[in-house]
Each structure stands twice: as C-alpha cells, then as structure tokens.
Amino acid sequence: MLKNASRASLFAIAFLGAGAAFAATHAVEVQESREAIMKEMGKSLGVLGKMAKGQLDYDAATATAAATALKDAAEKAHDPALWPEGTDTMSIDETRAMPDIWDNMADFEAKGAALIEASIAMEAAAAEGLQPMQAAMGNLGGSCGGCHKVYRAPEE
Amino acid sequence: MPPFLRWIIALALLGAGVFWVVTIPGDVSENEVAGLEGDPERGEPLFWAAGCANCHAAPGAEGEARLVLAGGQKFPSGFGTFLAPNISPDPEHGIGAWSLREVARAMTKGVGRNGAHLYPAFPYNSYDMAQVQDVADIYAYVMTLPADATPSQPHEVGFPFNIRRSLGGWKLLFQREGWMVAGDLSEQQQRGRYLVEALGHCGECHTPRNALGGWQSAKWLGGAASPDGKGRIPNITPGALDWSEADIAYYLETGFTPDFDSAGGEMAVVVQSTAKLPPEDRAAIAAYLKAVPAVN
C-alpha cells in the first residue's frame, strides 16, 4: 500500500514537473513568436518609413504591399493565443511584456485593434500617393506607441 | 547663562535668520507682466512645446482627452510620489482664477499661488528661461481648454522633503544660471536650445541628478536613471545619439527610430506633443542636440 502511495506521488511529481517544464518551454515559444511578428512589422515599417523620409523612392505597389504585410502582422499579433498568462516580465527573462497587460486585457486588445485600424488606413494612403502616406505615418507611430507607452518595459 | 551658551544661541538664531532669508520664495514683478496680452493662437504650439498635457492630463488620457488638464498622474521618485495638480481653467480646482503674474511666478520661479515653494518635479528650473510673453500665450491657450472640477491630490512626500521652506535651499543650490550650452550657435540652434532647455524641459529627465536632486550640469542630457527606478533614460548627446538630424526630427514627429522601432514609456507620451510642433521647431531641436557637448 505504502509502496503504491509513494509510487503515485513520484508519478505525480514527475507529471507536475513535466507540466511545469512544458509551460516554461511554451512561454518561451510564445515569446519568440511575438518577437518574430514584431520584427515583421519593423521590416514593413522600414519600407514605408524610408519612403516617407525620402530615403527610398516612393512606389505605390511596394508601399501598398508593405502596408498589407504590416496589417497581416498586426492581425497575427492580435491573437489571444500569443498572450497567455505567465508570459510577462515576471515569468520569463526574454520578454519586455509588462504584467499590466494581463490586468488590463480589454484595453490591451483595444490598443491592438487600433494598430490594425491604422495599418488599414495606411494601406489606403500608401496606394494614394507619397503625401498621404507620409501623413499616415504619424497615426501609425502613435498606435505603436499606444502599447509601448504603457505595456512595454524599458530596456535594461 | 555661560558665555559659550549665549554664543551658541546667537549663532543658531543667526543661522535660522540666514536660512529664512535665503529661502524666501522668488517673485516675478508686476512690471515684468505689465501690459502683456496673451495670444491663445500663438500659445497653442508653445503649449505643445512645453509638454503641459504630458503630465497634467488625467492618467491614461488619449486624443482630445489630453486637453483636459485635470491632473492626477503620479510621478514616483526617491523623494516621494508627486501628483500632478489640476491646471484646467476651473476657477476653484484649476488655475482659472490665477493672475498672469501668479502663473509666471509658478512657471519660472517655482512658487505656488499661496506663496510656498513648488517641488521641482514641476520643471520650473527649465521654464525659468522661458520668455514671459510665451508664458502669457501658453496661459491664454490653456484658458481656452475645457474646465474640470477634479480636486488636486496632495503629494505623497515624507519628512524632511515635506518642509516646503527647505526647497528654498534646493533652489539656492541648484537653480540654473543661464543657458546650459553657451557659445556660438546658429539661429536655428538657438531656437532649438530654447525649445530643449526652456520649454521642452528635456534636461529634467535626460540629465543625471545628484543625491539631492540637482542637475549634474557637466553631464547635460547625458542620460540618467529613471526616477521611478525602472530602466534608464538615454543619453541624447552626440556621445551616444548618432542619429542624423532628419532622423531625430522624424522621431519627434512619428515616434519611429531609424530602425523603425517605436518610442515607448514616457517618451511615447512626449512624442504625442512634439508631433504637434511646427516642423521647423523639430528640426531646430535636432540641430541643437548636435551642438550639445558629447557625454560619453
């Protein structure tokens, strides 16, 4: 009987340990996906921004494609599966996602939706011409800042 | 009474007297504001340059709500937590009933309407270099904004920093004297200096402070620990910031770094204001930053 009990508890410990290890690996994987999406956004923003700043010749097709890629990335980032509990700065080292996100999930999601909206507006502006595109950059930057202002921890 | 005791008492009285005199709050004379008429239209871009809404809008305010200067944001520091007061036009809870002289005295000398010293969390050490006409215009613009009746909250500051009179000593030690960057500057750089050193009060966060909260002037804009203890505020002198002037101006307009990362933290709030400046003002700020002595 005792033997059985200790076997059961050993099993339980192993099971829990594996569960914890799985959760930790999963958290890091989630964080890596988020970072990859942010980098995709940065790449598209680089194309748009360099055109807006005159460092790259404006071309409607290239600009629109970049805006669409940005919108796609913003929609990917909006997936709740990428923001599970236990993936904040208190839980894993690699992230700058502050715990406040999970205390204000509705606001966080609203800010994510604002980025999607700004990307859609950018798609239209980028097709229209250089000047409308330049004008739309400010709103886009503001929507990035909307989250980074309150939910991204400062760099160490 | 033994003679030495008499001496001690005399010295103590003398010391108290000196303390009293040197800590008397500064003033702006009636002459300095006489005949000044504030122009709200001219005041609008100056208001954004001075970043008033960054601290005085209600916590979390976005968009149009940033024009309601109801106060309430908290600013934790090593000395305690400061709460931005209501500076909306409400006559009771805001500054609607203030005279221009009182506003100018608060902004440039750090003295409240009741005559007491204000904490330097309010950047009067920067605004001290602001032109009184600009103060008048900013005030005129603020008076066109919505009134809000939210009462101002008291600061959460413990002993000894809660003795307002001691701030007179702080001012005696640390009040600035003139421009931080002197010497030959182009007209554009001078405009930038006015925007950075006076209205924009960039040095308040980007310059390191000593143990008593005074600027380490030799490290002007050289980066500092964040007052709330989280992270660092970057060095923006040519010793660390190698962005082009166009990149700096673009960052202040859109919040995008040259790598197209975006501004975060308090700076994202600041950019919401600098985005509203005339483009030539952002270019002037960038030109000035290139002329600041490098801090390594």
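The values are calculated or read from the model by the stated rules, or taken from the named source; none is laboratory data. Just so we're clear, the structure is a prediction, and the values are computed from it rather than from any experiment. Positions of Cβ are generated from backbone atoms using ideal geometry, with glycine treated the same way; all protein chains shown enter the neighbour counts. These accessible areas exclude ligands, DNA and RNA; they are computed on the full protein's heavy atoms, side chains included. Shrake-Rupley method; radii C 1.70, N 1.55, O 1.52, S 1.80 Å.
The table that follows gives values for the structure above.
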| item | result |
| --- | --- |
| Residue count, the stretch B:236-284 (criterion: touching a His at 6+ places or on another chain (Cβ under 6 Å) and within 21 Å of A:Leu140 (Cβ to Cβ)) | 3 |
| Options A:Ala67, A:Ala125, A:Ala113; residue that is away from chain B (no Cβ under 13 Å) and within 14 Å of the chain's Cα centre (by Cα) | A:Ala113 |
| Some residue of the stretch B:158-168 being within 14 Å of chain A (Cβ to nearest Cβ), of a type outside the set (A, V, I, L, M, F, W, C), more than 28 Å from B:Leu67 (Cβ to Cβ) and in contact with a helix residue (DSSP H, G or I) (Cβ under 7 Å, 6 or more places away or on another chain) | no |
| Unique residue being of a type in the set (Val, Ile, Thr), at pLDDT below 95 and out of contact with any strand residue (DSSP E or B) (no Cβ under 7 Å at 6 or more places or on another chain) when the list is B:Ile95, B:Ile87, B:Ile138, B:Ile163 | B:Ile163 |
| Filter pass, B:Gly169 being touching a residue at least 12 places away in the same chain (Cβ under 8 Å), out of contact with any strand residue (DSSP E or B) (no Cβ under 8 Å at 6 or more places or on another chain), assigned by TED's automatic domain parsing to the domain that holds B:Gly43 and open to solvent by less than 40 Å² (accessible area, probe 1.4 Å) | yes |
| Helices (runs of 4 or more DSSP H) wholly inside the stretch B:1-80 containing at least 2 residues that are within 28 Å of B:Tyr194 (Cβ to Cβ) and either assigned by TED's automatic domain parsing to the domain that holds B:Val135 or of a type in the set (Phe, Trp, Tyr) (or both) | B:30-33, B:40-50, B:52-56 |
| Candidate set: the stretch B:221-245, residues that are hydrophobic (A, V, I, L, M, F, W, C) and in a loop (DSSP other than H, G, I, E, B); chosen: the one surrounded by the fewest Cβ atoms within 10 Å (Cβ to Cβ) | B:Ala240 |
| The stretch B:60-76 - residue that is crowded, with 17+ Cβ neighbours inside 10 Å and within 14 Å of another protein chain (Cβ to nearest Cβ) and, of those, nearest to the chain's Cα centre (by Cα) | B:Gln73 |
| Subset of the stretch B:246-261 (residues that are under 23 Å from B:Ser226 (Cα atoms), open to solvent by 10 Å² or more (accessible area, probe 1.4 Å) and within 7 Å of chain A (Cβ to nearest Cβ)) | B:Asp261 |
| Positions within the stretch B:204-220 being within 13 Å of B:Met267 (Cα to Cα) and open to solvent by less than 30 Å² (accessible area, probe 1.4 Å), in sequence order | B:Glu204, B:His206 |
| Number of the exception - B:Phe79 against (1) over 16 Å from the mean Cα position of the chain (by Cα); (2) farther than 20 Å from B:Gly168 by Cα; (3) of a type outside the set (Gly, Ala, Ser) | (2) |
| Test set (1) polar (S, T, N, Q); (2) within 14 Å of another protein chain (Cβ to nearest Cβ); (3) surrounded by fewer than 18 Cβ atoms within 10 Å (Cβ to Cβ) - B:Asn114 fails condition number | (2) |
| Count of residues meeting criterion [of a type outside the set (A, V, I, L, M, F, W, C) and closer than 21 Å to A:Lys76 by Cα] in the stretch A:109-148 | 13 |
| Which listed residue, of A:Ile116, A:Ile120, A:Ile101, is of a type outside the set (S, T, N, Q), at pLDDT 95 or above and in contact with a Phe, Trp or Tyr (Cβ under 7 Å, 6 or more places away or on another chain) | A:Ile101 |
| The lone exception for B:Pro278 - which of (1) more than 10 Å from chain A (Cβ to nearest Cβ); (2) open to solvent by less than 20 Å² (accessible area, probe 1.4 Å) it fails | (2) |
| Failed condition for A:Met90, given (1) outside any helix (DSSP H, G or I); (2) within 25 Å of B:Pro279 (Cβ to Cβ) | (2) |
| Residue check for B:Ala57: within 14 Å of chain A (Cβ to nearest Cβ) and crowded, with 23+ Cβ neighbours inside 10 Å | yes |
